[in-house]
Structure formats: structure tokens, C-alpha cells
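Peer 1: One structure, as C-alpha cells, below. Some questions next.
The values are calculated or read from the model by the stated rules, or taken from the named source; none is laboratory data. Computed from a prediction, not measured in an experiment: that's the story for all the values here. Cβ atoms come from the backbone with ideal geometry, glycine included; neighbour counts cover every protein chain shown. Remember, those area values only see protein heavy atoms, side chains included, never the ligands or the DNA or RNA. Shrake-Rupley method; radii C 1.70, N 1.55, O 1.52, S 1.80 Å.
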Amino acid sequence: MTIKKLLTGNDACTYAAINAGARFFAGYPITPATEIVELCSELMPVYNGNFIQMEDEIASIAAVIGASLGGAKAFTATSGPGLALMSENIGFAAMAEVPCVIINVQRYGPSTGIATKFSQSDVMAVRWGSPGDHSLIVLAPSSVQDSYDLTVEAFNLSERFRTPVILLSDAALAHVREKVEIREPGELNLYQREKPSGPVNGYLPYGTLHNNVPVMSNFGDEHILRVTGLVHQESGYSSDNSQIAEELVQRLARKIDNYQEELPAPFFYGRQAADLIVVSFGISARASLEAVNTVNSEGFKAGMLELRTIWPFPRKKVKELCSGAKKILVVEANHGQVREQLISCGFPPEKLRGVNKQNAEVITPSEVLLALKEENS
Amino acid sequence: MKNTWRTILSGSGGQGMGMAGKILAEAAFMQGFNTAQSQTYGAGARGDLSQSGIIISSEDILFPLIEKPDLLVILNNKSYGHFAPILNSNCNGTILIYDQDYAPPPKGKINSPSFGFTVVNKAREILSEKAACMVALGILTRLWIPLDKTNVSQAIQETFPGKTGLQNIKCFEEGLKLAENYPL
């Protein structure tokens, strides 16, 4: 059954998590993600799930990892300073291949910044906040509906790839109210993690791979699961062997990078073969689309690419869709973190114009419009 | 034909800006419109300048926040400083509704069509200043917003169940009455 409701972005994420099957939430309230914690405290008991308010964010993500290892779909929600505290254990979840979802509602930073204000400046922090060559998936919603849909997708991807998935929301999207079509569990395609079925004796938790992802038991099952953040062998026992280390770290990347077509693809709006293309994500993509529609109604040839998967960066798609443009405007409320990715894709810097804002306010359609008109003149 | 209405309610935190915005959005949603509602988040909502923006549209809403309102409701003087660039312009197209007792427009500085009402005092008579926005909702519903008053009443009732709801609905109905003679 599909229900229509008027919800905020934060509420939509929470309902989506419940409907995706999440039954464990551990978190520490932090502006502007607090409403997710509050709503979880109400809903989890109703759905026979568990809600724990932890002592801090380090403990929150640790509890989520523990719950997931025990077989539950588990998640947490936080913002910049909390994300920083979670970084070590996000790396642990990537290394130990523990499915989990982290909703990061971006606020103005660095550090504690302005707790209540907007930013999109965690693009690199979510990718590289944790040390080491780890891989993970990051999705960025641009509407309340998207907050719902991509949260469901985040759980599916975390189970499918056995990896942390971060939903990159922001303070503006988290609190705006919009109509949402809530598809309930019966109408959602939900991925259930694979379980080992062979003999218990000799079971190697990291030994049976399906599309480079290990088929692992739950902690406490009869198939013994050994868990560590150290480099480990197929048995789960730690190792300092250089060949094992290289194979493991490269597989962790390969298991996601080689299957990028399964991740949410960018949306492309406006004119194909456009001279001007705007690349954006999150709520800035909404401002960008309004501006692109306006200039196209005035005879421009502009297109707009909305990134939905931020990490791994969809290099192939971006190159395919943007290579014909004379100029690419990268609209983001940070110093140019996505623009750097386009440079790494091979786009010459002089072809890229950053439309950036760092004053804790949302980028508006008229600001994007002005930049588009300047480029076309 | 007009198909999108962008309204901002601006006043002091505690006058019910956020709640009124939410009620308006709920009523628009009941009536089948697309809607997007935003509000001040942070210290402003607790006594300082507080705002709520509501977009109601029969079309898809691309950008959910309001850059320039079609209608601005001001319930405190501090709001004039914030909205000066819009209200001082000769060609902004924004209509101003203000509280005539507590937020009279600064003389000679407002070029928008302006309409004053007894909003806060009316709310105090019936319930408290916290219901000022319910009076404002009545005025908006009568003059501006394409919403059926029964939908707004229902949204108020669902937000404030019981006796408080009835008092808030009375404030809303007083707002409807106040606006009877103001054809915009």
C-alpha cells in the first residue's frame, strides 16, 4: 500500500528505515539530525525494534555494528562533529564488511561550525574521514521523497555489498516539509543478506565470495564468525601477510567499483548535447534545475546533471553526459569538493566553473541563473 | 491564471509562525495541492525573528524554499529590517499584511501594497499571543490562499486536539471576519 504524507526530510528518512526493515537504532542527538533520533525513539518500540540513546557517537556506531553483526538491519544518524567521532568505526565496518547505514545531516562546519545552519561541505569527509583505502557508498537525496527512496536504497545496498552506506542529507532538506509517497514494505524491493548454508566445520567467513562479497553468518550462529578490523585471512584470523593485505584491500574496492551500475544513476534534465551543463547534488540540484528550466525557456541549450550516488563518484556517467559541453557549472555549497572530482575525471579546470556558497545559506535559483547567463553572454 | 502562491509569515518566535506554516501546508496537502513548507530552525524560533515559508502550487515545486514571497505577513517590527530589500522595491509584486498595533510599517519606506489588521490583540482576546498566527491564517484564507476554510479548520483541529483546538479555530474564524472587507 502507498500512503501519501506531508513529512520533513528527517522524518522521511526515519519512516524509510523502518519500512526497509531496520529494527535497531543507536544514536546521540545532534542538530540538525535530532528529529531522526526522536522519531526513532517513538517508532522502534512500536515495531518491536530497539532504540538506544548512547553516550556519544563513537558508542553509537559501535552499537550499530554490533547489532548488524547479530543480524539486524541497523542505523544511526548524525551531523559533522558526530561523523568525525564515528570515523574510526565506519572504517571498521568497511574492513569487517558489516552492513550499516549512517544518515549524515550536513551542517555548517568545520568543527562545531553553526549547528543549525546549512552546508554541503561533508562530501570529502564522508569519503575519506576514515583512514586507509576503504570503500563505501554515499547517496545524496535532493527532496523529501528522495530522502525516503534513497534511505530504502541505502539499506538495500548496505546488505547487498556488506558495506557502510552514508546518506548525505543536509540541514535544509532535513527540515523542509513536502509530500511523500510512502511505499510500505510489501511494495518495496528489499534485499536480504545472504547466509552460509554449507557445513559448519571448516566454515571460512571470508572464504565464500558472491560478486566479491563474502557470504557471512551472523554473530552467534552455528557458523562461527570472527570479526576484526585487522587485515584478516579467509578464516577471519588476523594476518600481517602483505599479499593477503593487498588482496583484501583491493577486493573491498572492487566489490563496489565493479558493480557501479547497481547504484542510483545520476538524473539528467534539460537539453541533450547542451552547451552548458550544470552538475549539482542535494538541495542545490533543486535550485539548479529551476534555473536551467528558466534559461531553456528563454532559448538556451542547457542541461542539468543531478548526482545521486556521490561515492563511488560516477565517473563514467559524468564523462558520458558532460563531455560535449562547452562549459560545466558545478553548483555546491562548499569550496568545490565535487568540482575536484570532475577535474580528476579529466575535465580541464578552465571548462569548469564553480558556483559555490560558504555563508551557511542555501544556493538559490537566481544565483545559478545569474551564473548561467554570465556564461552564455 | 495564478498557479503558485509563495507566502512568508514573519514575527517573533512563540507567535506560532512554524505551527501556522505547517497547518497551512497540511490544509493545502488535504486539498490536493503540491506544497513545501520551511521554517526558522534554531534560536530565532525561541523568541527572536522567526519565519515560516509556505509554497502552494498546482504544479511541481522545483525549489522548495522562497526567494521572494508573493505575500508577506509581518507581526513584529524586526521583520521590516530583514525584508527591507523586497518591501522597498517599487516592482517587487509582494503584498504586505501587517499587525497594525505592533508592526506598523516604517513611514515612507514601504512600496508594497499594504494592509493592516489587529492580529495579535485579537488573538490575546480569545486565547493568547501564541495564537496570533491563527488569526493571520484566517486573513490569508479569506484574501489570498486558494484553500477551503474547512480544510484549514480541520488542519488546526488535528494539530491542537480538544479545547485548545476550538480556541485556535475561533482565532482563525476571527481572522476570516477581519478580512471580510479587504478585497485584494
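Peer 1: Would you be so kind as to identify which of A:ALA74, A:THR116, A:PHE313 lies farthest towards the positive end of the dipole of chain A, taking Lys and Arg as +1 and Asp and Glu as -1 on Cβ and the Cα centre as origin?
Peer 2: A:PHE313
Peer 1: Heavy atoms only, 1.4 Å probe, whole protein assembly: order A:LYS179, B:LYS107, A:LYS301 by accessible area, highest first. Intermediate results must be reported in sequence, preceding the final value.
Peer 2: Numbers: A:LYS179 70, B:LYS107 195, A:LYS301 95 Å².
I get B:LYS107, A:LYS301, A:LYS179, largest accessible area first.
Peer 1: Measure nothing fancy, just the Cα-based angle from helix A:57-69's long axis to the longest principal axis of chain A, in degrees from 0 to 90, nearest 10.
Peer 2: 60 degrees
Peer 1: A further question on this structure: Please compute the per residue accessible area over chain A with all protein chains in place, 1.4 Å probe, rounded to a whole number of Å².
Peer 2: Per-residue accessible area for chain A comes out at 38 Å².
Peer 1: Output needed: percent of Cα pairs per 5 Å distance bin for segment B:53-184, bins running from 0 to the one holding the longest distance.
Peer 2: Calculated over all Cα pairs of segment B:53-184, the distribution is 2, 10, 19, 20, 20, 16, 9, 3, 1, 0 percent.
Peer 1: Compute the orientation-averaged projected area for the protein assembly as shown from the convex hull of its Cα atoms and round it to one decimal in nm². Don't skip to the answer; put the middle values down first.
Peer 2: Values: hull surface 110.1 nm².
If I average the Cα hull's projected area over directions, I get 27.5 nm².
Peer 1: Would you work out what percent of the accessible area of segment A:265-376, with all protein chains in place, is carbon or sulfur (probe 1.4 Å)?
Peer 2: After summing per-atom areas, the C and S share lands at 49 percent.
Peer 1: About the Cα centre of the protein assembly as shown, how large is the charge dipole given +1 on each Lys and Arg Cβ and -1 on each Asp and Glu Cβ? Please answer in debye to the nearest 20. Walk me through the intermediate numbers first.
Peer 2: Values: 49 positive and 57 negative charges, 238 e Å.
Value, rounded to 20: 1140 debye.
Peer 1: I'd like the carbon and sulfur percentage of the solvent accessible area for segment A:2-187, probe radius 1.4 Å, heavy atoms only, ligands and nucleic acids excluded. Mind showing how you got there, number by number?
Peer 2: Details: 2750 of 5360 Å².
Solvent-exposed carbon and sulfur of segment A:2-187 make up 51 percent of the total.
Peer 1: To the nearest hundred square angstrom, how large is the accessible surface buried between A and B, total for both chains, probe 1.4 angstrom?
Peer 2: Details: alone 15330 and 8870 Å², together 22370 Å².
Protein heavy atoms only, the A-B interface buries about 1800 Å².
Peer 1: Now, a different point. Grab the DSSP H runs of chain B that are 4 residues or longer, score each as -39,500 (n - 2.57), total them, divide by all residues and round the 222 nm result to the nearest 500 deg cm²/dmol. Before the final figure, lay out each step's value.
Peer 2: On the way: 6 runs with 70 residues, N = 184.
Mean residue ellipticity at 222 nm (helix-derived): -11500 deg cm²/dmol.
Peer 1: Hey, another quick one. Roughly how many percent of the accessible protein surface of chain B is carbon and sulfur, given a 1.4 Å probe and a whole-percent answer?
Peer 2: Details: 3930 of 7890 Å².
Answer for chain B is 50 percent, counting heavy atoms of protein chains only.
Peer 1: How many percent of DSSP beta bridges within the protein assembly as shown run antiparallel, rounded to 5?
Peer 2: Counting only bridges with both partners in the protein assembly as shown, antiparallel ones make up about 40 percent.
Peer 1: Which peptide among A:264-275, B:19-30 comes first, and what is the full order, when sorted by highest mean count of other Cβ atoms within 10 Å?
Peer 2: On the way: A:264-275: 16.3, B:19-30: 24.4.
Output ranking for A:264-275, B:19-30: B:19-30, A:264-275.
Peer 1: Please calculate the 1.4 Å probe accessible area of B:ARG6, with all protein chains present, and give it to the nearest 10 Å².
Peer 2: Looks like 70 Å² after rounding.
Peer 1: Right, next: Any idea how far the Cα center of segment A:163-234 sits from the one of segment A:1-43, in Å?
Peer 2: 19 Å
Peer 1: How big is the charge dipole of segment A:265-376 about its Cα centre, in debye rounded to the nearest 20, if each Lys and Arg gets +1 on its Cβ and each Asp and Glu gets -1 on its Cβ? Walk me through the numbers on the way to the answer.
Peer 2: Values: 15 positive and 12 negative charges, 84 e Å.
Around 400 debye, computed over segment A:265-376.
Peer 1: Among the residues of segment B:17-36, which ones have their accessible area go down by 10 Å² or more when all the protein chains sit together, as opposed to their chain alone (1.4 Å probe)?
Peer 2: Listed in order, they are B:LYS22, B:ALA25, B:GLU26, B:PHE29, B:ASN34, B:THR35, B:ALA36.
Peer 1: Tell me the mean residue ellipticity at 222 nm calculated for chain A from its helices only (DSSP H runs of n ≥ 4, each -39500 (n - 2.57), averaged over every residue, nearest 500). Display every interim value, and only then the final one.
Peer 2: Details: 12 runs with 143 residues, N = 377.
Value at 222 nm, helices only: -12000 deg cm²/dmol.
Peer 1: Rounded, prolate or oblate for segment A:265-376? Axes are the square roots of the Cα gyration tensor eigenvalues, ordered a ≥ b ≥ c, and the cut-off for rounded is a/c under 1.5. Provide the component values of the computation, followed by the final result.
Peer 2: Details: a/c = 1.42, a/b = 1.09, b/c = 1.31.
Rounded.
Peer 1: So, one more: Which entries in A:LYS373/B:LYS68; B:LYS122/B:LYS149; A:LYS255/A:LYS317; B:LYS22/B:LYS78; A:LYS179/B:LYS78; A:LYS179/B:LYS149 show an alpha-carbon gap greater than 26 Å? Mind showing how you got there, number by number?
Peer 2: Working: A:LYS373/B:LYS68 20 Å; B:LYS122/B:LYS149 19 Å; A:LYS255/A:LYS317 19 Å; B:LYS22/B:LYS78 22 Å; A:LYS179/B:LYS78 32 Å; A:LYS179/B:LYS149 21 Å.
Result: A:LYS179/B:LYS78 exceed 26 Å.
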